[in-house]
Amino acid sequence: MADISIRDVRKVYGKDEVIHGVNLAIHNGEFIVILGPSGCGKSTLLRMIAGLEDISGGEIAIAGTVVNDLEPRERGCAMVFQNYALYPHMTVGGNIGYALKVAGVKRAERDAKVRAVARSVGLEEFIDRKPGQLSGGQRQRVAMARAIIREPKVFLFDEPLSNLDAKLRVQMRHEIRRIHNRIGATSVFVTHDQHEGMTLADRMVIMNKGTIDQVGTPEEVYNRPATTYVAGFIGSPAMNFLSGEVRAGESAVALADGSRIALTPAAARAFDGRLVQIGLRPEALALCAPGEGALRARFDFYEEMGSDGLHHLMVEDVPLSVLSAHKQRMPEGQEVGVTVPPEVVHLFDVESGQRLEAGPGAVATIKRMEHAE
Amino acid sequence: MRRAYFKNNWIAAALVLPQLLIIFVFFYWPTSQAVFWSLTFEQPWGGGNDWAGLHHFRELLSDSLYWQSVRVSLVYAAGTTVLGMGLALILALFVDRQLRGYRQYRVGMIWPYAVAAPAIGLAFRYIFNPTAGVMAYVNQVWDGIWDPILTGWHAMAMIVIAGAWKNIAYNFIFFLAGLQSIPRSLIEASAMDGSGVMRRMRDIQLPLLTPTFFFILVINITDSFTDSFGIVDTMTNGGPARATNLMVYKIYVDGFEGQNYSSAAAQSVILMVLVILLTFVQFRYIERRVHYS
């Protein structure tokens, strides 16, 4: 059990700085998901916690001990790798028990422990097989068991589910969460898959080009994205963006085409005259008759999503999507209106991309809209 | 896997023919000639031969000088293989730890293998010359400590070192390639599991290197029996007192200097059988311990 403190950590390869002074406090027993696209530095950060990469600047402390100069084995972390990294010449039991063998645990004790851990992940009958004879999901379990048996203070996961097919991925996701709840070790999980992040995390860390854009619970990140980057990254289908200027007098944002999107009066007052980006989640919008609603749009095309329909529209030359259970197929180019409730509007500064918020509750926190119609 | 077949067999035959021709002219024909000669009395200047049966083999196997040659050959083979493979493995393990510029280094390391054996022999003859070479300085400090001209095992050590040096380059390339093909994440996983550098080599890298190791072993042993002539010829001429009279060198001396073609042929047949046997033993007993992933 341990908290992890990351203070102004940098990573430099040659002349390229890939992580630019990151700060993060991870609490004891927490499940943290670091989310970001490939190349954002999330794996590098994880590997620095593990001790597989040198820390170019700053400090990482685990359970109060600065670990910058400690070997991986001295940090009390266990790691599950993306490609599982099982030892191909050892049996499943040999893989799981390797850490204990290195630690000099006696054979009988080791075997008993291996058996118990293998049973806990449903691998008992495969204990004498080689990894090459196992399926992807089973290999994943071996990798998990190998981490569990060490009873680590910290669990590190480097995209462990990305090699599995979709169904198995969901199943293993549940299993990872269950194991976390049972063991209670601090977990850090790196992924580029927002669904994995949303469903697993106690708190999410959204990384972008070597910096942390936002840290928060999945709900916070979804409801109050800190930057346009986070807003566009989290949520599926992705958030729509329009640009305009805040007019306090009209309590609205004026768009280039002359239409107005109503704001809460507090927000309008606070940012009067600012050029802003407006973020609108597809699921918070609804279609209406042409001429009604805040936005005028032309129908572009329709995507069937099963429970909902995704309606792709064009506002002038900006694409806008509306997710709704009220499915409407229309001919291309037909005029439609879009209703925009004031409390679903996210405002971002045009230049910095930072969220604009006039005090707590100024932009009302919305719950995941249930098929706004 | 889908396999392609030739519709017309003669096309296939035509494609294989050049290779078959080369193997026939340079292997099967000389080999069968050697077998034939070993069973006859071959006259040095031609002019027919008489059937001898197994006379030459019986003579060789009861000749203590021949057994002595087999003994020194085995010592040489074991020496060059262990030394050549051991040093190559150590070098490869070092290079695998991501030294800067290892690509250039790797290219540089292969060159010794491209040097012909007599050239290596000449270079080492100078290095190990007790009166004129590098070792002469050592002799000046400790008088007479190094004398391959008179001391048999000094001469043997000398040709073992030269032979090993030639093979180290080749072995190194294969060991390094084998080490590099071990996924980095396995090494990292074992580091997370708590094993240090040496433990990692023993538990992860070396077991996964066994296919390479086995291949190199077969090549090295075969090579040390058949490709050692140039080194012996330039460095020791088989001496002193036959201490380095390897089988392959004895074949040359008996055949081309002693003009005893039939005995030389019988010796080359025995050497061939010995190499075949050793290779068979390696595949039969050592390959079972190889892990092919």
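The values are calculated or read from the model by the stated rules, or taken from the named source; none is laboratory data. Values in this document were obtained by computation on a predicted structure and should not be read as measured data. Glycine also receives a Cβ, built like all others from the backbone with ideal geometry; neighbour counts cover every protein chain displayed. Surface accessibility is based on the protein's heavy atoms, side chains included, excluding ligands, DNA and RNA. Shrake-Rupley method; radii C 1.70, N 1.55, O 1.52, S 1.80 Å.
If both residues of a DSSP beta bridge must be in the protein assembly as shown, then about 75% of such bridges are antiparallel.
Would you kindly work out the equivalent ellipsoid of the range A:255-299 from its C-alpha gyration tensor and give its semi-axes, the square roots of five times the eigenvalues, largest first in whole Å?
Ellipsoid half-lengths, sorted descending, are 22, 13, 10 Å.
When each pair of different Cα atoms in the protein assembly as shown is counted once in the 1/r mean, what is the Kirkwood radius in angstroms, to one decimal?
31.8 Å
Comparing each chain alone with all protein chains together (probe 1.4 Å, DNA, RNA and ligands left out), the residues of the range A:44-80 losing at least 20 Å² of accessible area are A:47, A:52, A:72, A:73. Charge dipole (Cα centre; +1 on Lys/Arg Cβ, -1 on Asp/Glu Cβ; no other charges) of the protein assembly as shown amounts to roughly 1740 debye.
Considering only A:339, A:311, A:282, the residue lying farthest towards the positive end of the dipole of the range A:238-349 is A:339, judged by Cα position with unit charges set on Cβ. The relative contact order of chain B comes to 27 percent, based on Cα pairs under 8 Å that sit 6 or more residues apart.
If you count, for each residue, the other Cβ atoms within 10 Å and average over each peptide, how do A:294-300, B:195-201 line up from highest to lowest? All intermediate terms of the calculation are to be shown ahead of the outcome.
Working: A:294-300: 19.9, B:195-201: 15.4.
Top of the packing list down: A:294-300, B:195-201.
Scaled against 2.2 N^0.38 Å for its residue count N, the alpha carbon radius of gyration of the range A:4-228 is 1.02.
Using θ = phi - 60° in the Karplus curve 6.51 cos²θ - 1.76 cosθ + 1.60, the 3J(HN,Hα) couplings for the range A:252-258 round to 7, 9, 8, 8, 4, 7, x Hz; x is entered for Gly and Pro.
Under the definition of partner shielding as Cβ atoms of other protein chains within 10 Å of a residue Cβ, what is the mean value for peptide A:82-89? Let's see the in-between values first.
Values: counts 1, 4, 3, 9, 3, 9, 9, 10.
Mean number of neighbouring Cβ atoms from other chains: 6.
Pairs exceeding 31 Å between alpha-carbon atoms, taken from A:15/A:42; A:153/A:209; A:42/A:113; B:166/B:250; A:106/A:153; A:167/A:327: A:42/A:113.
Just want to confirm a number: the relative contact order over chain A, from Cα pairs under 8 angstrom separated by 6+ residues, in percent. Across chain A, relative contact order equals 15 percent. Once you have all Cα-Cα distances for the range B:159-293, histogram them in 10 Å bins from zero and send the whole-percent values. With 10 Å bins starting at 0, P(r) equals 11, 29, 28, 18, 10, 4, 1. Angle of helix A:136-148 to the longest C-alpha principal axis of chain A, folded into 0 to 90 degrees and rounded to 10: 70°.
I want the antiparallel fraction of DSSP beta bridges within chain A, as a percent rounded to 5.
On the way: 58 of 76 bridges.
About 75 percent, rounded to the nearest 5.
Percentage of Cα-Cα pair distances in the range A:1-68 greater than 18 Å, rounded to whole percent? When all Cα pairs of the range A:1-68 are counted, 32 percent exceed 18 Å. Based on Cα atoms of the range B:1-157, Rg over Rh with Rh as the Kirkwood radius reads 1.12.
Using only DSSP helix segments of four residues or longer, with each worth -39500 (n - 2.57), what per-residue ellipticity at 222 nm results for chain B after dividing by its residue count and rounding to 500? Don't skip to the answer; put the middle values down first.
Values: 14 runs with 190 residues, N = 293.
It comes out at -21000 deg cm²/dmol, rounded to the nearest 500.
Rg/Rh for the range A:108-247 (Cα atoms only, Rh after Kirkwood) is 1.09. Subtracting the Cα-Cα distance of residue B:22 and residue B:7 from 0.36 nm times their residue separation leaves 2.9 nm of extension gain.
One equal scatterer on each Cα of the range B:190-241, no solvent, Debye formula: the resulting log10 I(q)/I(0) at q = 0.19 Å⁻¹ is -0.72. The mean count of C-beta atoms from other chains within 10 Å of the C-beta of residues in B:199-208, rounded to a whole number, is 2. Working ranking of peptides B:113-124, B:230-241 by packing, defined as the average number of other Cβ atoms within 10 Å per residue, highest first, is B:230-241, B:113-124. Rounded to the nearest whole Hz, the Karplus-based 3J(HN,Hα) values (6.51 cos²θ - 1.76 cosθ + 1.60, θ = phi - 60°) of the range B:246-252 follow the sequence 5, 3, 5, 6, 5, 4, 5, with x at glycine and proline. Only DSSP H runs of four or more residues enter the estimate; each adds -39500 (n - 2.57), and after division by the residues of chain A the mean residue ellipticity at 222 nm equals -7000 deg cm²/dmol.
Take the accessible area of chain A alone and of chain B alone, subtract that of the pair, and you get about 1800 Å² summed over both chains, using a 1.4 Å probe. Relative to the longest principal axis of the Cα atoms of chain A, helix A:166-183 runs at roughly 60 degrees.
Quotient of the Cα radius of gyration of the range A:123-192 and 2.2 N^0.38 Å, N being its number of residues: 1.11. Sequence-ordered 3J(HN,Hα) estimates for the range A:337-344 from the Karplus curve with 6.51, -1.76 and 1.60 and θ = phi - 60° stand at x, 10, 8, 10, x, x, 6, 9 Hz, glycine and proline given as x. A simple charge model with +1 on the Cβ of Lys and Arg, -1 on the Cβ of Asp and Glu and nothing else charged puts the dipole of the range A:220-373 at about 340 debye relative to its Cα centre.
Evaluate Rg over Rh across the range A:238-349, taking Cα atoms for both radii and Kirkwood's formula for Rh. Display every interim value, and only then the final one.
Values: Rg = 13.8 Å, Rh = 14.1 Å.
Ratio of gyration radius to Kirkwood radius for the range A:238-349: 0.98.
Take the Kirkwood radius over Cα pairs of chain B, plug it into Stokes-Einstein at 37 °C and 0.692 mPa s, and you get 148 µm²/s for translational diffusion. Accessible area per residue (1.4 Å probe, heavy atoms of protein chains only) ranks A:301, A:189 as A:301, A:189, with the largest value leading. Of the peptides A:84-92, A:133-141, the order by per-residue mean of other Cβ atoms within 10 Å, starting with the highest, comes out as A:84-92, A:133-141. Dipole check for the range A:4-228: with +1 at the C-beta of Lys and Arg, -1 at the C-beta of Asp and Glu, and the Cα centre as origin, the magnitude is about 780 Debye.
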